[in-house]
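A short reminder: the numbers here are calculations on the coordinates, not readings from a lab. Bear in mind the structure is a predicted one, so any value in this text is a computation, not a measurement. Because the Cβ atoms are built from the backbone with ideal geometry, glycine has one as well, and the counts that use them run over all protein chains shown.
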Amino acid sequence: MSDGLVFNETLYPGVQVSYGCDRILYQEKTEHQDLVLFSNPVFGKILMLDGVTQVTTADEFIYHEMMSHVPIIAHGAARNVLIVGGGDCGLAEEVLKHRTVEKLVQVEIDASVVEFSKEHFADFNTGVVDDPRFELVIADGMKFAAETDRTFDVVIVDSTDPHGPGAVLFSEEFYRNVHRMLTPGGVLVTQNGVPFLQRDELVTSIERFSRIFTDAAAYIAAIPTYFGGHMTLGWATDNADLRSQAATVLQERFDAAGFQTRYYTPDVHAAAFALPRFILDAVEEGRAKA
Ligand code: SAM
């Protein structure tokens, strides 16, 4: 540890997660947020925005595989994909593994996050910016969604938490604009927090999804550096059958995709929608409030 330096994440009152810092690799106060990248002996490189852990080189594969392969494999014919946020480009790398994806648009508010990620996160975003299918738009995702006439089969919101620049991406107006951008049967997936500690975030998103989409749900994954247990990924679509695809169909599509994964499997995909009682209660509460 360089001189015992630690970075503390203090998202929840009374809870502090401390990461030892071997070396600060990059630090900048950008137009939108405080950005620090440092190395840690256990999790490798850790990116924090406004004091909140965003991504680490050690466990990014879990979150990025589950945010990308679940909606794309479930959809089965996703050609046009939109990522809102996702500045570290780890999610984009996973989406571009699908040869069937013809176009990936990424709308990120903070150019600095993308710029420094090209240099410091080559571990997991190699080739993204050079891929002819990839289009980067530096803009507020809320404004893009309100103004665009482009349509997408899958929209993935890899945002910060619902405060600061990310707050608007949890609004009903934003979800309504996403619904307008989606092709028939298209699906929206959102970063929706750790329900054991951020229950209201999930209830509110499900409530808003339920007023706009036929099917409002969530699936789960366990990401070590998103402290507090299961992470929920919000799920909204007008195709209610999309999340209950047969395991054989998921397996066929995954085999046809022809790439290796470290977390995602078709069985993990199917099982991820089986929610523990306390999380299902939050989803049902959100639906009932709509
Ligand atoms: N996986 C992380 C998490 O769960 O907290 C998120 C990672 S990613 C780095 C979050 C990205 O969202 C950041 O690059 C941030 O700049 C971007 N972002 C925040 N608000 C945004 C907005 N309104 N429009 C577009 N991008 C936004």
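Quick look at the values:
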item	result
Hey, V105 away from the ligand (no atom under 13 Å from the Cβ), among the β-branched types (V, I, T) and assigned to a strand (DSSP E or B) or not	no
Criterion (under 17 Å from the mean Cα position of the chain (by Cα), charged (D, E, K, R) and assigned to a loop (DSSP other than H, G, I, E, B)) met by exactly one of D161, D153, D130, D149	D161
All positions within the range 55-86 that are in contact with a Phe, Trp or Tyr (Cβ under 9 Å, 6 or more places away or on another chain), within 9 Å of the ligand (Cβ to nearest atom) and closer than 15 Å to N125 by Cβ	V55, E60, Y63, H64
Meets criteria (within 14 Å of the ligand (Cβ to nearest atom), among the charged types (D, E, K, R), under 17 Å from the mean Cα position of the chain (by Cα) and not in a loop (DSSP other than H, G, I, E, B)) for E115	no
Among the candidates A247, A290, residue that is within 17 Å of M66 (Cβ to Cβ), in contact with a helix residue (DSSP H, G or I) (Cβ under 8 Å, 6 or more places away or on another chain) and surrounded by 12 or more Cβ atoms within 10 Å (Cβ to Cβ)	A247
Residues of the range 138-159 that turn out to be more than 20 Å from P71 (Cβ to Cβ) and either away from the ligand (no atom under 14 Å from the Cβ) or not acidic (D, E) (or both), as a count	6
Residues that are among the hydrophobic types (A, V, I, L, M, F, W, C), outside any loop (DSSP other than H, G, I, E, B) and out of contact with any strand residue (DSSP E or B) (no Cβ under 6 Å at 6 or more places or on another chain), drawn from the range 184-221	V203, I212
Every residue from the range 27-61 that is farther than 15 Å from I223 by Cα, acidic (D, E) and outside any strand (DSSP E or B)	E31, D50
Flag for T126 being surrounded by 20 or more Cβ atoms within 10 Å (Cβ to Cβ) and either under 18 Å from V55 (Cβ atoms) or away from the ligand (no atom under 14 Å from the Cβ) (or both)	no
For D140: the one exception among (1) within 30 Å of G14 (Cβ to Cβ); (2) surrounded by fewer than 22 Cβ atoms within 10 Å (Cβ to Cβ)	(1)
Single unsatisfied condition, P224 versus (1) loosely packed, with under 15 Cβ neighbours inside 10 Å; (2) in a helix (DSSP H, G or I)	(2)
